[in-house]
Amino acid sequence: MAERYDVLVIGAGPAGLAAASAAAAHGARVGLVDAQPRAGGQVWRHDVQHGVPALARRHAAAALENSNVTWLPQTRVVAAEAGGLLAEDAQRARHLEYGTLILATGARELLLPFPGWTLPGVTGAGGLQALAKQGWPLAGKRVVVAGSGPLLLATAASARRHGARVLAMFEQADRGTMIRFARGLWRWPARVVQAASLRAQLAGVPYRWGSVVTAAHGDDGLREVEVEEPHGRTRVACDYLAAGYGLVPNVELARMLGCRLESEGAHAHVCVDANQRTSVSNVYAVGETCGVGGRDSALIEGAIAGLAATGTTAGMARLQRRRRHARAFATHLREHFALAPHIRALAQPETLICRCEDVPLRALDGFADAREAKLATRCGMGPCQGRICGAALAEMGRFSFGSQRPPLFPARLETLASSMTEVAEPAT
Ligand SMILES: Cc1cc2nc3c(=O)[nH]c(=O)nc-3n(C[C@H](O)[C@H](O)[C@H](O)COP(=O)(O)OP(=O)(O)OC[C@H]3O[C@@H](n4cnc5c(N)ncnc54)[C@H](O)[C@@H]3O)c2cc1C
């Protein structure tokens, strides 16, 4: 039996929450879906020790406490089907139909392979933050944070708040670039305050620029990391390495629905107009799926789409102005945290690239085409469906996995069989 909503929002991070509350406030019957048990997305992931910030509670309440909103937690959209979307929760398949669809599926971390990156104790930067928030014991553990971008500061601060000894943060961007980045921040005073507050929480933790973790060593688990710094190589003994090189928009569902995508560097984002409309009628996209922009642009874009989906124009022009300002910050970030080329070449021939299917880099030599490489090696065909290795290979300039076949995530056979129509073929 299909459930029908005037507005169906996929993703309950800042963008999805803002979209749901704006649409519901203007009378729409809204379905709000998220794979996670709690709303908040990545930035407002529930912290078992510290809860979530007041701003997150306000936005969650505005959406979830509105009687026009039906909240569908732990529900994952796995495919498009004729007339709607196929999803599943812990118990059953769900067939979701909509008048308007708003995609707020966010972003994931860009993890780049290097020798030792699959050792226990090595995680993504956001990955370690998520573990800490979910109660993974970090008290007293020695943590190194590495990679690029502001997520390093947020991760280090979270780890410290959970009792870890953060030994150092290694940022690949060099000193000159970081100084230019800081000088340009005056246009976003709230960001200056945020960065200063994070840095204050990390008093005493060295923040080394132009520095890259080139290898992780250990037997059954991480023992130490090797770091290339401007003045030479060092080794740091640690229990955890949290390494992340930025974010990649989650465009798989949009791609499956046939929305036009645009590439920015090695990765694609969904193209939208000033009202967040995609190239497919009645489908909007908001937040990180439209290009990594951070929490503020996610909130503004969600509100724009929620208003547009209900035909509301009041307040729209002001939101669009605010959106331009917030997106300009994303451009500022992107320009200053661009990855140095040698970071894409850290993997050695024996380094695993596809961790799901145990495929080393050397097994991919000689394939210019992702399809051939997949068929011959099973690279990208494991449970993560190429989300990790696909983004890494694209960043490394090897090849891009391109089209998206259903299901988007591993799903129960019963769910797939329940589809009232054949699941839609991927748009190529
Ligand atoms: C691991 C990680 C940690 C981060 N930590 C911070 C931080 O500490 N501070 C900060 O300022 N920024 C952080 N960010 C950046 C963050 O992405 C944005 O600031 C903000 O969360 C973007 O909001 P959003 O609503 O666009 O997407 P998100 O917050 O990513 O929300 C997207 C939601 O969509 C859901 N979803 C996706 N696909 C499906 C599907 N098929 N079916 C059902 N649900 C689906 C996801 O479960 C998720 O809850 C982090 C990003 C990542 C990837």
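The values are calculated or read from the model by the stated rules, or taken from the named source; none is laboratory data. Note that the structure is a prediction, hence the values are computed from the model and not measured. FYI the Cβ positions are ideal-geometry reconstructions off the backbone, even for glycines, and counts take in every protein chain you see. Quick note on the areas: whole protein, heavy atoms, side chains included, nothing else; ligands and nucleic acids left out. Shrake-Rupley method; radii C 1.70, N 1.55, O 1.52, S 1.80 Å.
Structural remarks
- A Förster distance of 25 Å, applied to the separation of the beta-carbon atoms of E350 and L375, puts the FRET efficiency at 0.65.
- Rolling a 1.4 Å probe over the heavy atoms of the protein chains gives the range 113-244 an accessible area of 43 Å² per residue.
- By the combined test of axial Cα extent (at least 20 Å) and Kyte-Doolittle hydropathy (mean at least -0.5), the qualifying DSSP H helices of the chain come to 295-309.
- Here the range 200-323 exposes an accessible surface that is 46 percent carbon and sulfur, computed with a 1.4 Å probe and the other protein chains kept in place.
- Unit charges at the beta carbon, dipole of the chain: most positive-side option, A132, A391, L119: A132
- Accessible surface of W188 - all protein chains present, 1.4 Å probe, nearest 10 Å²: 10
- H50 versus Q201: modelled label distance in nm, points set 7 Å from Cα along the beta carbon direction: 0.3
- Remark on the chain: C238, C259, C271, C290, C356, C384 stand apart, with no other cysteine beta carbon under 4.7 Å.
- Computed about the Cα centre, the dipole magnitude for the range 239-318 is approximately 300 debye when only Lys and Arg (+1) and Asp and Glu (-1) carry charge, each at its Cβ.
- Taking the DSSP bridge list for the chain and keeping only pairs wholly inside it, about 50 percent are antiparallel.
- Carbon-plus-sulfur accessible fraction, the range 76-139 (probe radius 1.4 Å, protein heavy atoms only): 55%.
- About the Cα centre, charge dipole magnitude for the chain (Lys/Arg +1, Asp/Glu -1 at Cβ), debye: 1460
- Dipole of the chain [Lys/Arg +1, Asp/Glu -1 at C-beta], most positive-end residue of L198, G380, L32: L198
- Neighbour-limited loop hits for trypsin sites (Lys or Arg not before Pro), the range 364-412 (at most 13 other Cβ within 10 Å; DSSP other than H, G, I, E, B): R412
- Length released on extending from R187 to F409, taking residue separation times 0.36 nm less the Cα-Cα span: 75.9 nm
- Euclidean distance between Cα centres, the range 264-293 to the range 72-104, Å: 19
- Taking the helices alone, the chain has a mean residue ellipticity at 222 nm of -9000 deg cm²/dmol, built from -39,500 (n - 2.57) per DSSP H run of at least 4 residues and averaged over all its residues.
- Rounded to 5, percent antiparallel among DSSP beta bridges of the range 113-244: 45
- Highest mean first, the peptides 7-15, 72-80, 85-93 sorted by other C-beta atoms within 10 Å per residue fall in the order 7-15, 72-80, 85-93.
- Rg over Rh [alpha-carbon atoms, Kirkwood Rh] for the range 113-244: 0.97
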